[in-house]
1. Is any residue of region 48-73 close enough, with backbone N under 20 Å, to a label point placed 7 angstrom from the Cα of Arg24 along the Cα-Cβ axis, and if so, which?
2. Given a Förster distance of 25 angstrom, what is the FRET efficiency for Tyr15 paired with Tyr44, based on the Cβ-Cβ distance and rounded to 0.05?
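Read-outs throughout are calculated quantities, based only on the coordinates presented, and are distinct from any laboratory measurement. Please read all numbers here as calculations on a predicted model, not as lab measurements. Reconstructed Cβ throughout: ideal geometry from the backbone, glycine too, with neighbour counts over all protein chains shown.
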Amino acid sequence: MVRVRYATEADLDEYPVTVDPADRDRLIAQASAVVDDLLDAAVYPVDDQGMPTEPEHQAALAQATCAVLAWWDAIGDDGSGASLRIQSASIAGVSLGIRQPPPGGTPDRAGSDARRVLREAGLLGGGGPGY
């Protein structure tokens, strides 16, 4: 199965994010999947592959995908979400500290910048203020 990619490596070059060149394609695909989850109830024109047809939507999805990658870079995540769950670890003493999920359940895999970009483009699933 081919994963959707809302951003390209060239888009990522324009964004202040540090990504290992060997992981770029994988991380773009994973970040695109996170963005796709945010589009749950969004309505916008798409082509036969489900990709946006409007240039402003294409740009917003690329920017939101790069914002997700910047969020992961800022919190030290590798795309797995582990940094959102593991607070501390130790090998010799076999100790592991698990973060408690925030109120409401799941850790924030997208970051506020990605949500802002999608909201401003009218693409955030819930659509309402504060979503």
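1. 59-73
2. Working: r = 22 Å, r/R0 = 0.89.
Efficiency at R0 = 25 Å is approximately 0.65.
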